[in-house]
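Every number in this text was worked out from the coordinates using simple rules, so none of it is lab data. Since the model is a prediction, treat every value here as computed from it, not as a measurement. Methodologically, a virtual Cβ is constructed for each residue, glycine included, from the backbone with ideal geometry; neighbour enumeration extends over all protein chains shown.
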Amino acid sequence: MSTSLHRTLTADELQHFGAEIDALRARTVADLGERDARYIRNIFKAVRFSEILGRGLLLVGAFLPAPWLTAAWLAGAIILGISKILDNMELGHNVIHGQFDWMGDPKFDGNSFEWDIVGTSDSWRKTHNFKHHTYTNVHGMDDDLGYGVLRLFPEQPWSPGRLGQPLYAIIFAALFQWGVAVQDLRLGRWFKGRITGKQLGKQAAPTLRKMRRQIIKDYVIFPLLAGPGFLTVFTGNLIANLIRNVWTYTVIFCGHFTTDVETFPKSVLKNESRAHWYLRQVRGSSNLSGGFLLNVMTGNLSHQIEHHLFPDVPANRYAEMAVQVREICARYGQYYNTGSMTKQFAQVLWRILRHSFPSSPSKLVDAEASLQTNK
């Protein structure tokens, strides 16, 4: 991306930019209250209700004659998929960030909440809450830059195996929760002989237990409850998980890997101020334009810029905060990256395809320079 999209700030401008972002956060946090608590409680109820409805349709539908069986199976799988999306994105992701710790409700405690995916929340707190949100888009520090699977930026090394990247991307989308689950295990160390199988097994034990629990729940217990309808419920659960995986993958990739996002070398971390960190979040993120339904179904990651700026602020506030963030960015000459899901995901697909072929790194120096201030 050309850094002409952003104006280089003077030291004084950068200080004021950071102060305005801080002030916006302070105003929002001071206003948190009953409407925010009511919102997350309603999301919790929606997750539970839709799960019961989806699983109920799959179970009852297994005993219906065709074509009612097919209709119930399809509706059940879709509704259960929506439940899993809400649980993953608007409930789990945001609660685990500690966005609702201020409520003092153990049900929404960010340090103990567990969600309906094969990965553990403890692992997510480490790889996502800490590493990704601290070192957003910094090469060699942010493991979310391609998740160790895809080459999405020219600074990442190329090899002939990258030619199969479009296929890898499809497989990764379908199995996204599994990729997230094993991210912190860094399996490459074992393949390269840097750790033993015993060491890997010890590290992987909590994840393996969570995987086993999820597999038994979705593919053994609930299908067995259907008796002769085992296969109907089994495949319905499989489709529901696929729906959640592909949707989550699409939303996350749209927020991080569009054409105009910037990535950075480790050197930007040296003496990085809070204001510089804010600037990096704006330049390393992209939003999705849409309404209330899109916001809820994306866990409000349709406002990825605001989420990166305020990861511990309740996400239901991002839509109103976005208006002010956009105004602040405009005043300081900073490009506010937003667009429809169709537009943003088309850019992601092009990036996946383009960087499956050799490409020369050219962006990091410019991106680093653009974060510097004029004295």
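Ranking L150, S285, L14 by how far each Cα lies toward the positive end of the dipole of the chain (charges on Cβ) leaves L150 at the top.
Shape descriptor for segment 83-159: Rg over Rh equals 1.07 (Cα atoms; Rh from the Kirkwood inverse mean 1/r). Computed on segment 24-85, the Cα convex hull volume stands at 73 Å³ per residue.
The phi-based Karplus calculation (6.51 cos²θ - 1.76 cosθ + 1.60; θ = phi - 60°) puts the 3J(HN,Hα) values of segment 63-69 at 10, 8, x, 5, x, 4, 4 Hz, whole numbers, x for Gly and Pro. Of the residues N111, L32, L224, the one whose Cα sits farthest towards the positive end of the charge dipole of the chain is L224 (charges of +1 on Lys and Arg Cβ, -1 on Asp and Glu Cβ, taken about the Cα centre). Between R209 and K126, the FRET efficiency from the beta-carbon distance, with R0 = 22 Å, is close to 0.85.
For L288, nonlocal amide neighbours, meaning residues 5 or more places apart or on other chains whose placed amide H falls under 5 Å from its own, are H303, Q304, G339. Residues in segment 33-40 carry Karplus couplings, in order, of x, 4, 5, 6, 5, 5, 4, 5 Hz; the curve used is 6.51 cos²θ - 1.76 cosθ + 1.60 with θ = phi - 60°, and Gly or Pro positions show x.
In segment 24-174, inverting the average of 1/r over every pair of distinct C-alpha atoms gives 18.6 Å as the Kirkwood radius. If R0 is 41 Å, the Cβ-Cβ spacing of V323 and D143 corresponds to a FRET efficiency of close to 0.80.
For the chain, the Cβ-based charge dipole about the Cα centre amounts to some 1140 debye (Lys, Arg positive; Asp, Glu negative; other atoms uncharged). The value given for segment 299-345 is a Kirkwood hydrodynamic radius of 11.2 Å, derived from the mean inverse Cα-Cα separation.
Specify the residue with the greatest mean-square fluctuation among R35, R55, R326, computed from a Gaussian network of the chain linking alpha-carbon atoms under 10 Å apart. So, out of R35, R55, R326, the one fluctuating most is R35.
Between the beta carbons of F292 and R48, assuming R0 = 25 Å, the FRET efficiency works out to 0.75 to the nearest 0.05.
Comparing Q183, Q281, Q324 in a Gaussian network model of the chain, where Cα atoms under 10 Å apart are tied by springs, the biggest mean-square fluctuation is seen for Q324. Among residues other than A30 with Cβ under 15 Å from its Cβ, the summed charge is -2 (Lys and Arg +1, Asp and Glu -1). Distances between every pair of Cα atoms in segment 164-218, grouped in 5 Å steps from 0 to the bin holding the largest one, split as 4, 17, 20, 22, 19, 14, 4 percent. Electrostatic bookkeeping for Y249 treats Lys and Arg as +1 and Asp and Glu as -1; over the other residues with beta carbon under 15 Å from its beta carbon, the sum is +2. Candidates N88, N295, H308 compared by Cα position along the dipole of the chain: farthest toward the positive end lies N88, with charges placed on Cβ. The helix-only estimate of mean residue ellipticity at 222 nm for the chain, built from DSSP H runs of length n ≥ 4 each weighted as -39500 (n - 2.57), is -16500 deg cm²/dmol after division by the residue total. Of the candidates G140, G299, G92, which one comes out as most mobile in a Gaussian network treatment of the chain with C-alpha springs shorter than 10 Å? Comparing G140, G299, G92 in the GNM, the peak value goes to G140.
Across segment 9-23, coupling constants 3J(HN,Hα) worked out from phi with the 6.51/-1.76/1.60 Karplus curve, θ = phi - 60°, read 8, 6, 4, 5, 5, 4, 4, 6, 4, x, 5, 5, 5, 4, 5 Hz, and Gly and Pro carry x. Ordering of 71-77, 251-257, 212-218 by packing is 251-257, 71-77, 212-218, highest average first (other Cβ atoms within 10 Å, averaged per residue). Projected onto their three principal axes, the Cα atoms of the chain cover extents of 74, 53, 40 Å, largest first.
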